[in-house]
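Below is one structure, written out as structure tokens, with a few remarks after it.
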Amino acid sequence: MSFEDLDGFRYDSLGKIMDKNFKNLPQTARSIIKFIDYMDIDLKGKDVIIANSTNVIGKPLSMYLNYKKATVTLFNSKTINQKEKIKRADIFISAIGKANFYNVDYFRDGQVLIDAGTSFIDGKMYGDIDYDSLENLKVDIVTCKNGVGSITTLSLIETLLCDS
């Protein structure tokens, strides 16, 4: 990775992902993977939904998860029947940038929820998942209330110091 592309956004970096070269993943996608690896989540055979279909998060992340033998579905803003589809998933990853958009009605016990969304309301940061509504739900893992932003920052620093 070069200093010109620390974030992994350039087309040559994104193209390498198609060839299963995941070293140049965009930082937020890389952060989500670091979280999954740290939590030792087995991806083989798992149904994963990613609520983000961008070149920066959803598409590169889906390529990696597919490489790890997960079945991946990308959602965009026009995806229909989201609640029903999310409830059937084993792992749900959100990065839509809408505060508290997904509440308890979207989830079931036993799911893995990863919130990479960030929104600000009156100067306070929120993720995409309404954590307060989940208090009686038994989800296996829920990322911190503020999403994976701090991991993304650390991942960028790691790329700067180690990969360049």
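So which residues in segment 122-131 are over 20 Å from the mean Cα position of the chain (by Cα) and acidic (Asp, Glu)?
Listed by number, the list holds a single entry, Asp122.
If I ask for residues that are within 19 Å of Gln111 (Cβ to Cβ) and buried (at least 18 other Cβ atoms within 10 Å of the Cβ), which ones from segment 42-59 would you list?
Across segment 42-59, the qualifying residues are Leu43, Val48, Ile49, Ile50, Ala51, Asn52, Gly58.
Return only the number of the condition from (1) of a type in the set (D, E, K, R); (2) surrounded by fewer than 17 Cβ atoms within 10 Å (Cβ to Cβ); (3) modelled with pLDDT under 90; (4) touching a Ser or Thr at 6+ places or on another chain (Cβ under 9 Å) that Lys124 does not satisfy.
(4)
When only residues in segment 122-140 that are in a loop (DSSP other than H, G, I, E, B) and among the acidic types (Asp, Glu) count, which is farthest from Ile57 (Cα to Cα)?
Among those that are in a loop (DSSP other than H, G, I, E, B) and among the acidic types (Asp, Glu), it is Glu135.
Please tell me if Ala116 is modelled with pLDDT of 90 or more and either crowded, with 22+ Cβ neighbours inside 10 Å or in contact with a strand residue (DSSP E or B) (Cβ under 9 Å, 6 or more places away or on another chain) (or both).
no
Looking at Asn136, Asn103, Asn146, which is the one that is of a type in the set (S, T, N, Q), surrounded by 12 or more Cβ atoms within 10 Å (Cβ to Cβ) and modelled with pLDDT of 90 or more?
It is Asn103.
When segment 44-88 is examined, which residues are found to be closer than 22 Å to Ser119 by Cβ and aliphatic (A, V, I, L, M)?
Result: Ile49, Ile50, Ala51, Val56, Ile57, Leu61, Leu74, Ile86.
Can you pull out every residue in segment 37-58 that is closer than 22 Å to Gly97 by Cα, touching a strand residue (DSSP E or B) at 6+ places or on another chain (Cβ under 7 Å) and not polar (S, T, N, Q)?
Matches in segment 37-58: Val48, Ile49, Ile50, Ala51, Gly58.
Among the residues of segment 88-103, write down those that are assigned to a strand (DSSP E or B) and of a type outside the set (A, V, I, L, M, F, W, C).
If the condition is that a residue be assigned to a strand (DSSP E or B) and of a type outside the set (A, V, I, L, M, F, W, C), then Ser94, Tyr102 are the ones that fit.
Every residue in segment 65-97 that is farther than 18 Å from Asp140 by Cβ and under 14 Å from the mean Cα position of the chain (by Cα), please.
Asn66, Val72, Thr73, Leu74, Phe75, Asn76, Ala95, Ile96, Gly97, listed by residue number.
Please work out which residue is nearest to Tyr64 (Cα to Cα), limiting yourself to segment 104-121 and to residues that are outside any loop (DSSP other than H, G, I, E, B) and within 12 Å of the chain's Cα centre (by Cα).
Of everything passing the filter in segment 104-121, Ile114 is nearest to Tyr64 (Cα to Cα).
The values are calculated or read from the model by the stated rules, or taken from the named source; none is laboratory data. Just so you know, these numbers come straight off a predicted model, no measurement behind them. All Cβ positions, even for glycine, are placed from backbone atoms using ideal geometry, and neighbour counts span all protein chains on display.
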